[in-house]
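See below for the structure under consideration.
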Amino acid sequence: MVERSSPEYRHRLTLRDVSEASGVSEMTVSRVLRNRGEVSDKTREKVLLAARQLGYVPNKIAGALASNRVNLVGVIIPSLSNMVFPEVMMGISKVFDDTPLQPVVGVTDYGPEKEEKVIFEMLSWRPSGLIVAGLEHTESARRMMENSGIPIVEIMDVDGDAVDASVGISHTRAGRETAKEILSRGYRKIGFLGTKMPLDHRARKRFEGFEAVLRESGLSLEAEEYYSGGSALAKGREMTGNILEKNKDLDFLYYSNDMIGAGGLLYCLEAGYDVPGKIGLAGFNGVDLIDGLPRKLATMDSCRAEIGKAAAELIANEAEGIRGAEKRIEISPIFAPGDTLRAAS
């Protein structure tokens, strides 16, 4: 056998190379690598060993020309730096590990036009399914998904009309439930700190639900502080200092995510604020980071891994020809009061 490091193996490997190395026909090699047709266990092992020794990777595109489908699932998320999405990916990967399906990730940076471009590129590969964060898209992106002929699962949010299926929490409900928890503990002078929300639709929906409960209780936000860019501890510290300097009578700060909330908690503790006696704090998402803080930040767990798992199961079932009747799967977020809220009265 020619050594793999030899110049003779610097060409792209083909079925013929595996055929010659294993001593069986190209047709048999094709059957083994595609897991199609009757082949003896001994022959299968011989082919797989030769392919592994050569470093041969089957040409899935060639197979896709016949089936018009590849075993890839596009997963389109807005950010890789946001701590939320790695847990979503873990849930997706856990399901696909037991199938031939493989997730391929595209990132949009919360940009509708960039999302449209990523969707176009993903669909051009004829994947077996598409998982997309959010329900809001450009008209062109929505049409592409509607006409793709593959299962589409929009994740993280169920407050809106899905192209095909949706899996997530109701962010409007999450905002409302958080506001009720805060008010039940006697806080009344409330400030909000979060991202600029025109493109972060899920944060916007939580904010709207939160404000609606305040209005129903005859209250309104006393102060608001916004930022653009990725969430970070340093940004949370800076924003918290700014809002408390301008509004000294605030008794509660509601953060749009845990990262800036964690920064706010660190600021308050260093500045000597009585948390939660004089001022209470709450974030959103339930990320693992808050377990390492001096005090556990109140938050609402958005069930990210569970969302990823449920979305992947919908795609995997469709790939097996199992069509589920349920196209809207709402998962209930879990509120955790932590150490930054007074006891409910």
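Only a single item in (1) open to solvent by less than 60 Å² (accessible area, probe 1.4 Å); (2) farther than 23 Å from VAL70 by Cα is not met by GLY55, and it is number (2). Within the range 23-38, being under 23 Å from THR99 (Cα atoms) and surrounded by fewer than 16 Cβ atoms within 10 Å (Cβ to Cβ) holds for ARG34, ASN35, ARG36, GLY37, GLU38.
Identify all residues within the range 210-250 that are of a type in the set (Val, Ile, Thr) and in contact with a strand residue (DSSP E or B) (Cβ under 6 Å, 6 or more places away or on another chain); write none if there are none.
Once the filter is applied, which keeps residues that are of a type in the set (Val, Ile, Thr) and in contact with a strand residue (DSSP E or B) (Cβ under 6 Å, 6 or more places away or on another chain), the range 210-250 yields only ILE243.
Flag set for TYR273, criterion: outside any helix (DSSP H, G or I) and either touching a Lys or Arg at 6+ places or on another chain (Cβ under 6 Å) or surrounded by fewer than 24 Cβ atoms within 10 Å (Cβ to Cβ) (or both).
The single condition among (1) among the acidic types (Asp, Glu); (2) crowded, with 19+ Cβ neighbours inside 10 Å; (3) assigned to a loop (DSSP other than H, G, I, E, B) that GLU115 does not satisfy is (3). Of the strands (runs of 3 or more DSSP E) lying entirely inside the range 120-238, the ones with 3 or more residues being open to solvent by less than 60 Å² (accessible area, probe 1.4 Å) and either more than 24 Å from GLY264 (Cα to Cα) or among the basic types (Lys, Arg) (or both) are found at 129-133, 152-157, 165-169. Could you check the range 276-291 and list, in sequence order, the residues that are in a loop (DSSP other than H, G, I, E, B) and open to solvent by 70 Å² or more (accessible area, probe 1.4 Å)? The one that is in a loop (DSSP other than H, G, I, E, B) and open to solvent by 70 Å² or more (accessible area, probe 1.4 Å): LYS278. For first residues located in the range 93-110 and closer than 15 Å to GLY308 by Cβ, partners that are in a loop (DSSP other than H, G, I, E, B) and open to solvent by 60 Å² or more (accessible area, probe 1.4 Å) and lie 6+ apart or on another chain with Cβ distances below 7 Å form the pairs LEU101/ASN71; GLN102/ASN71. Residues in the range 292-337 that are β-branched (Val, Ile, Thr) and in a helix (DSSP H, G or I) were compared, and the one that is surrounded by the fewest Cβ atoms within 10 Å (Cβ to Cβ) is ILE307.
Checked against (1) modelled with pLDDT under 95; (2) over 19 Å from TYR254 (Cα atoms), ILE329 meets all criteria but (1).
The values are calculated or read from the model by the stated rules, or taken from the named source; none is laboratory data. Since we're looking at a predicted model, the values are computed, not measured. Note: ideal-geometry Cβ built from the backbone for every residue, glycine included; neighbour counts use all protein chains shown. For accessibility, only protein heavy atoms count, side chains too; no ligands or nucleic acids. Shrake-Rupley method; radii C 1.70, N 1.55, O 1.52, S 1.80 Å.
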